[in-house]
Amino acid sequence: MQIAIASGKGGTGKTTIATSLAKSLVGSHKVHYLDCDVEAPNGHLFLHPDIQTQKDAIIRIPQIDTNLCTLCGRCVEVCQFHALAQTADEIVLFPELCHGCGSCTWNCPEDAITEIANPIGIIESGITPDGINFCHGVLKISEPMPTPIIRQMRKYKSLSRDSVVILDAPPGASCSVVETLRAVDYAILVTEPSPFGKHDLLQIFGILKDLKIPAGVIINRTDGHESDIEQLILEKQIPILMQIPFDKSIAAGIASGRTLVELQPEYRERFIAMFDFIESFLAVEQVC
Amino acid sequence: MLITRAQTPQLVILSGKGGTGKTSISAAFIHLSESLNQEKRLTVVDADVDAANLNLILQTDSLATYEFWGSSTAEISSEKCEGCGDCVRVCRYDAIFRDPQNNTVYWVDPVACDGCAACVYTCPQNAIAMIQQLEGNWLQSKGKFGMIFHAELFPGRENSGKLVSLIKQKAQEWAQHVESPLMIIDGPPGIGCPVIAACVGADMALIVAEPGMAGLHDLKRIFATLKHFKIPTVLCINKADLYPQGSLEIQQFARQENIKLIGEIPFDPHIQSAIRLGTQVTREFPQAPASQALCKIWQATLDHMLNLGLTGLKING
């Protein structure tokens, strides 16, 4: 089963939920934790994995053989991303604009293009001391595109059907979030009771509707001002899975690198109960 | 004295990690600029186009909404498709499937399509066309401070970087037209394409860091990004007293990297209260600890920009 943790707004507690859920389930399930926030990955700071494998996340960029190139300009014409430009005596590549789609390579009439690997980040995986299978991607500084790394991470391991895969999504509601949410079974949305949390939650609801993914919401840092956001969630007929009150000692504990279930062990039961709810919800849905 | 420059100086506010307080700090700066900015010609850009919140806490009137037409997506004509599957073989985005309604032809999942058009050039039947997509709206709104350019990317769309570049360009044109003394850009989280789009052309960056392991980790990544693009950078710490050890670590990092730390904002529930009231903390609660700290940070930011020869705002009114 694949469960993504998403939020829209940044800093609402996605990683807090994802790491604590992983730690709560590892006693009873085979658990994979995938940190898909490749621009700002933080899961490793809480789970302390022993990294066993490391490989480059790449996109394939064109290399033009100048002996074969006749400067016909076909590659420039087919490139939708303006990554190739033609000057008087050569074709110039802007690698940071290249999506690695391969279109120029296939369309070159002289077969003058080969593809070389352009590393845009790394994918590391290993195991945590409590037995969680850990994997994260790290986007290289100044590289613009997180999405290919997320795509490669999701293909990286053949994930067995009986394992629970927890995907920690990036903030926002654009392409990298969609790449994380694609084909997951369920999404847990983490929000906070404020107009910002509410606005950005609506953005994520839009994505989930398009992708037809069922979801539930966790309201984090409640402080007695939840009625607004509760009403919105109710109107959308989405279950509220959990509410976590604001607590300065939790905030400080998480800042120091500890997970919620380590700080307040009673949450472990609540995460297990939440997972059971999701599991039975999905079982019913499959039957219907 | 107003410094005349070809282009309005740009201050970009970034963080790496999400939720550190970029938008609240941007809003406070916008409010605090009102007293120095008699002609009300501040230019503001909300560059977090897929979670655009700044305008929710500024009192503005919307002047105009424009459509944002982004990239194109492939569409297969079910009449022309003969089901050869060449398109599937060239697609690197796993976006092409058998049509669920008609198993003999293919169908493009618009959510997965990257818009590369490789399939279009491969199809022997010329059955595939690229259809440009309406991917969001961008807006121009007017407030007491001046003008804000903001946008709403439709959920799940690509090209957030392209939309950021577009609204920054529109903002720059307006800024030049009215000789705006300063442009404030509220940036997105992360370090990827919309962040790069928000940074390009910026004259100075303010990083809003949050104490803690995650905050420090992401601070290092956004700082490395700004260094790569050679943008002068200053730093402030938000929620500094929530985890004092983390603030010490940030101070240490700032010393190591020679980044000027221009102030610390204590954890203050007035910031949340101001957001709920749809306003700026410095306007609603001027005596609150966060507001007092923000006044100092705003002054220090202006001082720093002035030292770089940047802003036309007069520091002392």
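Read-outs throughout are calculated quantities, based only on the coordinates presented, and are distinct from any laboratory measurement. Being a predicted model, the structure only gives us computed values, none of them experimental. Positions of Cβ are backbone-derived with ideal geometry, glycine not excepted, and every protein chain shown enters the neighbour counts.
The orientation-averaged projected area of the convex hull spanned by the Cα atoms of region A:11-91 comes to 9.7 nm².
Quotient of the Cα radius of gyration of region B:198-312 and 2.2 N^0.38 Å, N being its number of residues: 1.10. The convex hull drawn around the Cα atoms of the protein assembly as shown, when projected onto a plane and averaged over every direction, covers 28.5 nm². Kirkwood hydrodynamic radius of region A:204-276, from the reciprocal of the average inverse Cα-Cα distance over all distinct pairs: 14.0 Å. Per residue, the average separation of C-alpha pairs within less than 8 Å and at least 6 apart gives region A:60-119 a relative contact order of 50 percent.
Note on A:195-202: average number of Cβ atoms from other chains within 10 Å of each residue's Cβ is 5. Here chain B is scanned for GluC sites (Glu not before Pro) in DSSP loops (not H, G, I, E, B) that have at most 14 other Cβ atoms within 10 Å, and the longest stretch holding none of them is B:180-317. Rounded, prolate or oblate, given the Cα gyration tensor of region B:245-317, with a/c below 1.5 counting as rounded? In terms of gyration-tensor shape, oblate. The loop-placed chymotrypsin sites (Phe, Trp or Tyr not before Pro) in region B:107-144, going by DSSP, include none that has at most 14 neighbouring Cβ atoms within 10 Å of its Cβ. Within region B:204-304, the trypsin sites (Lys or Arg not before Pro) that combine a DSSP coil assignment with at most 16 other C-beta atoms in a 10 angstrom radius are B:LYS230.
From the Kirkwood radius over Cα pairs of region A:98-149, Stokes-Einstein at 37 °C and 0.692 mPa s returns a whole-number translational diffusion coefficient of 237 µm²/s. A compact globular protein would have a Cα radius of gyration near 2.2 N^0.38 Å; the ratio found for region A:130-212 is 1.21. Relative to the 2.2 N^0.38 Å rule of thumb, chain A has a C-alpha radius of gyration ratio of 1.16. Applying a 4.7 Å Cβ-Cβ cutoff to chain B, the cysteines left without a disulfide-compatible partner are B:CYS81, B:CYS84, B:CYS91, B:CYS113, B:CYS123, B:CYS193, B:CYS199, B:CYS236, B:CYS295.
When shorter helices are ignored and each DSSP H run of at least 4 residues is given -39500 (n - 2.57), the per-residue value for the protein assembly as shown at 222 nm works out to -10000 deg cm²/dmol. Helices assigned as whole DSSP H runs in chain A whose Cα atoms extend at least 18 Å along their own long axis and whose mean Kyte-Doolittle hydropathy is -0.5 or higher are found at A:195-211, A:267-287. Taking each of B:LYS227/B:LYS260; A:LYS55/A:LYS140; A:LYS140/B:LYS170; A:LYS55/B:LYS227 in turn, the alpha-carbon distance tops 18 angstrom for A:LYS140/B:LYS170; A:LYS55/B:LYS227. Sequentially through region B:43-59, phi angles give Karplus couplings (6.51, -1.76, 1.60; θ = phi - 60°) of 10, 10, 10, 9, 8, 9, 6, 9, 8, 7, 10, 4, 5, 5, 10, 10, 8 Hz, Gly and Pro residues having no value and appearing as x.
Helix B:289-307 axis versus longest C-alpha principal axis of chain B: approximately 80°, rounded to the nearest ten. For the peptide B:109-115, the mean number of other protein chain Cβ atoms found within 10 angstrom of a residue's Cβ is 4.
Taken residue by residue and averaged, Cβ atoms of other chains lying within 10 Å of the Cβ of A:181-188 number 1. Rg and Dmax, both from the Cα atoms of region B:70-134 and both in Å, are 10.6, 31. Rounded to the nearest whole Hz, the Karplus-based 3J(HN,Hα) values (6.51 cos²θ - 1.76 cosθ + 1.60, θ = phi - 60°) of region A:125-130 follow the sequence 9, x, 10, 8, x, 8, with x at glycine and proline.
By the Stokes-Einstein formula, at 0.692 mPa s and 37 °C, region A:1-140 with its Kirkwood radius over alpha-carbon pairs has D equal to 184 µm²/s. With Cα atoms as the point set, the radius of gyration and Dmax of region B:148-211 evaluate to 12.7, 41 Å. What the Cα atoms of region A:60-119 give is an Rg and a Dmax of 10.2, 29 Å. Using the average count of surrounding beta-carbon atoms within 10 Å as a protection proxy, the listed peptides A:226-239, B:11-24 rank, highest first, as B:11-24, A:226-239. Considering only beta bridges that DSSP places wholly inside the protein assembly as shown, some 50 percent are antiparallel. Going from the fewest other Cβ atoms within 10 Å to the most, the residues A:GLU124, A:GLU179 appear in the order A:GLU124, A:GLU179. Would you kindly calculate the mean projected area, averaged across all directions, of the convex hull enclosing the Cα atoms of chain B, in square nanometres? Over all viewing directions, chain B projects a mean Cα-hull area of 18.9 nm². Within the straight-line cut-off of under 27 Å between alpha carbons, the lysines reachable from A:LYS248 are A:LYS9, A:LYS14, A:LYS23, A:LYS198, B:LYS17, B:LYS22, B:LYS220, B:LYS239, B:LYS296, sequence neighbours fewer than 8 places apart in one chain being disregarded.
In plain terms, the bigger the Kirkwood radius, the slower the diffusion; for region B:1-160, with that radius from Cα pairs, at 4 °C and 1.567 mPa s, Stokes-Einstein puts D at 68 µm²/s. In order along region A:45-51, phi translates into HN-Hα couplings of 5, 9, 9, 6, x, 8, 6 Hz, rounded to whole numbers, per the Karplus curve 6.51 cos²θ - 1.76 cosθ + 1.60 with θ = phi - 60° and x for Gly and Pro. Note: relative contact order over region B:70-134, using C-alpha pairs below 8 Å and six or more positions apart, is 49 percent.
Overall shape: rounded for region A:143-288, with the ratio a/c of the largest to smallest alpha carbon gyration tensor axis below 1.5.
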